Amino acid sequence: GQQVMQIPQYQHVQEGEDFTTYCNSSTTLSNIQWYKQRPGGHPVFLIQLVKSGEVKKQKRLTFQFGEAKKNSSLHITATQTTDVGTYFCAGPSNFGNEKLTFGTGTRLTIIP
Amino acid sequence: SQTIHQWPATLVQPVGSPLSLECTVEGTSNPNLYWYRQAAGRGLQLLFYSVGIGQISSEVPQNLSASRPQDRQFILSSKKLLLSDSGFYLCAWSLQGFYEQYFGPGTRLTVT
C-alpha cells in the first residue's frame, strides 16, 4: 500500500535556527497537505499544494511540492518557541475519495 | 463558520467495558467524517471513514465500530475494550470533494 515517510523523526533546534522536514511518498500525489499538531493538541491544517514544483509561503514557513509530485518539504526560517510541535504531511490515499494517508511526522522541539 | 465537537475530552475505562465516543459537526452539511487513533508520540491511523448517513468504511480490522446516525454525527463504539485500545481518538471532517481535514479536540482514552 501507499506509504508516506518523513525525515527526520525528531529535530531539536536552537531558537532562531532554521528547520526543515522532508516528506516522501511511494506513489505520485495529486496534492499534498501539511498539518501541525501542538503538544497535547489536535492536528491543524496548514496548507495544500497541488501543482508540480509549487512553492507557497506563510510568514516564516515555506512549503514546496516536488517536480515529480512524490515529495514535499516544509522549511521554517528563524524558529520561535511557538513553532514547537509535530508536523505531518498527508496525501490522498486513493483516487476518487477524500481519504488521506498521513506521514510519520517530524517532532520539532526548540531550545530557548 | 464550521465547528467540530468531541466528547468526552478524557476517559479512563476498565478492560472489558463498553465505549461510546461522540463527534458532531456544526455549520456544514453532508461532510465526510473520519475517526483516527493516535498512539502516544506516533502518527495518525485512520479507523473509519463516512461519506453519508449509514455509510461507514472500516480501514483496519479491530475491536471498534462506527456509526453515523445523523448527517453531522459520528459515533465510535466498542462492546468490550482491550488494553490496546488506549490512545488519542480524533474525529475529523472534510467537505465532499475536498481533501483538507479539520480535526476535533480529541478524546484521550486510557484502558486500565
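The values are calculated or read from the model by the stated rules, or taken from the named source; none is laboratory data. These numbers were taken from a predicted model, which means no experiment stands behind them. With ideal geometry, Cβ positions are generated from the backbone for all residues, glycine too; neighbour counts draw on all protein chains shown. The area values use the complete protein model at the heavy-atom level, side chains included, leaving out ligands, DNA and RNA. Shrake-Rupley method; radii C 1.70, N 1.55, O 1.52, S 1.80 Å.
Take the conditions (1) more than 14 Å from chain A (Cβ to nearest Cβ); (2) part of a loop (DSSP other than H, G, I, E, B); (3) of a type in the set (D, E, K, R); B:E22 misses just one of them, which is (2).
Taking region A:77-112 only, how many residues are within 11 Å of another protein chain (Cβ to nearest Cβ) and outside any strand (DSSP E or B)? Summing the residues that are within 11 Å of another protein chain (Cβ to nearest Cβ) and outside any strand (DSSP E or B) in region A:77-112 gives 9. Filtered by the rule that a residue be touching an Asp or Glu at 6+ places or on another chain (Cβ under 9 Å), open to solvent by 30 Å² or more (accessible area, probe 1.4 Å) and either without any contact (Cβ under 8 Å) to a residue 24 or more places away in the chain or in a strand (DSSP E or B) (or both), region B:30-72 gives B:R37, B:Q45, B:V51, B:I53, B:Q62, B:N63. The set of residues in region B:75-112 that are more than 19 Å from B:I53 (Cα to Cα) and of a type in the set (V, I, T) comprises B:T107, B:T110, B:V111, B:T112.
The set of residues in region B:73-112 that are open to solvent by less than 60 Å² (accessible area, probe 1.4 Å), within 12 Å of chain A (Cβ to nearest Cβ) and in contact (Cβ under 8 Å) with a residue 40 or more places away in the chain comprises B:F88, B:Y89, B:L90, B:C91, B:A92, B:W93, B:S94, B:Q101, B:F103, B:G104, B:G106, B:T107. In this structure, B:S29 does satisfy being out of contact with any helix residue (DSSP H, G or I) (no Cβ under 8 Å at 6 or more places or on another chain) and of a type in the set (S, T, Y). The residues in region A:28-49 that are farther than 24 Å from B:R37 by Cα and more than 14 Å from the chain's Cα centre (by Cα) can be counted, and the count is 2.
Taking strands (runs of 3 or more DSSP E) as the structural unit, those lying wholly within region A:1-47 and holding at least 2 residues that are of a type in the set (A, V, I, L, M) and open to solvent by 60 Å² or more (accessible area, probe 1.4 Å) correspond to A:4-7.
Which ones in region A:24-45 are more than 10 Å from chain B (Cβ to nearest Cβ) and closer than 17 Å to A:D83 by Cβ? Those that are more than 10 Å from chain B (Cβ to nearest Cβ) and closer than 17 Å to A:D83 by Cβ: A:W34, A:K36, A:R38, A:P39.
The set of residues in region B:1-22 that are without any contact (Cβ under 8 Å) to a residue 60 or more places away in the chain and either of a type in the set (V, I, T) or surrounded by 15 or more Cβ atoms within 10 Å (Cβ to Cβ) (or both) comprises B:T3, B:E22. Reported count of residues in region A:56-83, each being open to solvent by 20 Å² or more (accessible area, probe 1.4 Å), of a type in the set (V, I, T) and in contact with a Lys or Arg (Cβ under 7 Å, 6 or more places away or on another chain), is 1.
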